[in-house]
Every structure is written in structure tokens, then in C-alpha cells.
Amino acid sequence: MIILMFLFIYIALGSMINSFLLSLTFINGLYFTVTTIETIGFGDIVPDSRGSRVFISFYAVFGIINIAVVIGMVQETVREGLHIGYLRRLLEIRERRHAAQRRKLAEKRWRSAVIWRLREKSAPVWVRKRDSKPRKSLFAKVMRAFFKAKEKIPHFTEHRRGMRLNLEALTHTQLEAAALEAGVPLDTLLPSSFYDVQIKNDDDDNADDLEVVFLPFYIYVWH
């Protein structure tokens, strides 16, 4: 930053001196100074006295050196910025990779803990998936086609042969204990379909309770 300010002061001072030596306006002196230290030299303005030629000779040498230093510093700054950005992105990629590895290890530990509890309970470890009828609306078809690649990735609780872990056979306390052993919150391990099944079961239980409660009332009214 300091060398850049020095370059601007050097150009401004040279423009003022050249405007006096060559009898030019400040704008023309600035034009002549910039073209001189950049080694362009159009030839439309030339020094016509011995003193102006000597001054321009020394001024051009130091000006070229100053510009070379500024260009080198700017190049080094840009290179350093790119290197820092590359290292930051590389660190983020490594952190995401390590997080994914830790996640897979936690899922494996939780899955092993669930399987152990299911076997201890003498419950079937694997059960068939619940096949839900796909929606026939146009929006549902578009969404299924759009997320087709994503749907191909099975959840870690699912088996490739159409089977899944029998999570419903365990209580929420047992699942929470397995998640505690894995060191990961339970909500981040359970598949989304597990909550849908629980809600459906709760609704069915509530409907059965209502039938049991209101059935004697209907019989009493009918009689």
C-alpha cells in the first residue's frame, strides 16, 4: 500500500516538473510522464532542452523500477490470496470428509446397538418395507422424476433386498439408549418414514379408542 502511494506521488511530482520543463499543461505533463515510465513513447511530445532530457532519463529509470516493484507486490498479493483461498477450501473439504466419516461410524454403532437389542428381545431384526402407493398427480410425478437419483440412495437402516430394521419393535427409550451409545442425537438417526408410521399408529389407536368409547352410547341410543 505504501509503495503504491509512493508511485502515485512520484507520477504526480514528475507530471508537475515535466509541465514546467516542457511548457505543458498538467494533463499533458501527466500523459507524457505515464507514457515515459511505461516505456511506451509515442513520440508526440519530446524534451527539447538538455536539462529536460537529463531529468527525463533519470526519472524514467526510477519510474520503471518503481512500477516493476508495484507489479511484483500486486502479483505476490494475488498469489497469496489465491493460496489462502485454496487452503481454506481444502480445509473445509477435509472437515466435511471427517464429519462424514464420523457420521458413518456413529450410524454403524447405532445400527449394531439396535440389532443387539432386537436379538436380545427375540424380535425379528429385519422386516419388509411398507410399500406405499405412489401418488398419481402430475406434481407428484414431476417430483419423483426430479428426485429420482436422490431416492436411489437407501437409508442406512434399510437393506438392499427390500428389508429394513424393525425399529418399531423397540421402545423410544431403547432407541435413545442406542443413540446415546453412538454419541449422536436420536432424531438425526431415525428415518423420516419412522415418524410417519408412528403418527399413523397413533391415529389408528385413537380411532379404536373412540370406537370403544362411543359404541355403548350408540347401543343405548338405538335401544
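The values are calculated or read from the model by the stated rules, or taken from the named source; none is laboratory data. Every value quoted in this text rests on a predicted model; they were computed, and no experiment measured them. Cβ atoms come from the backbone with ideal geometry, glycine included; neighbour counts cover every protein chain shown.
Checked against the criterion of being in the same structural domain as Ile11 (by TED's automatic domain parsing) and farther than 17 Å from Ile11 by Cα, the stretch 57-72 has at least one qualifying residue. Evaluate the following for Gly14: is it at pLDDT below 90 and surrounded by 12 or more Cβ atoms within 10 Å (Cβ to Cβ)? So Gly14 fails the test.
Comparison of Glu168, Glu176, Glu158 shows that the only residue that is at pLDDT 65 or above, assigned by TED's automatic domain parsing to the domain that holds Arg128, touching a helix residue (DSSP H, G or I) at 6+ places or on another chain (Cβ under 6 Å) and among the acidic types (Asp, Glu) is Glu176. Within the stretch 43-60, the only residue that satisfies the criterion of being touching a helix residue (DSSP H, G or I) at 6+ places or on another chain (Cβ under 6 Å), part of a loop (DSSP other than H, G, I, E, B) and not aliphatic (A, V, I, L, M) is Pro47. Within the stretch 35-49, the set of residues being surrounded by 15 or more Cβ atoms within 10 Å (Cβ to Cβ) and closer than 19 Å to Ala68 by Cα comprises Thr35, Thr36, Ile37. Among the residues making up the stretch 27-49, those that are over 55 Å from the mean Cα position of the chain (by Cα) and of a type in the set (Val, Ile, Thr) are Ile45, Val46.
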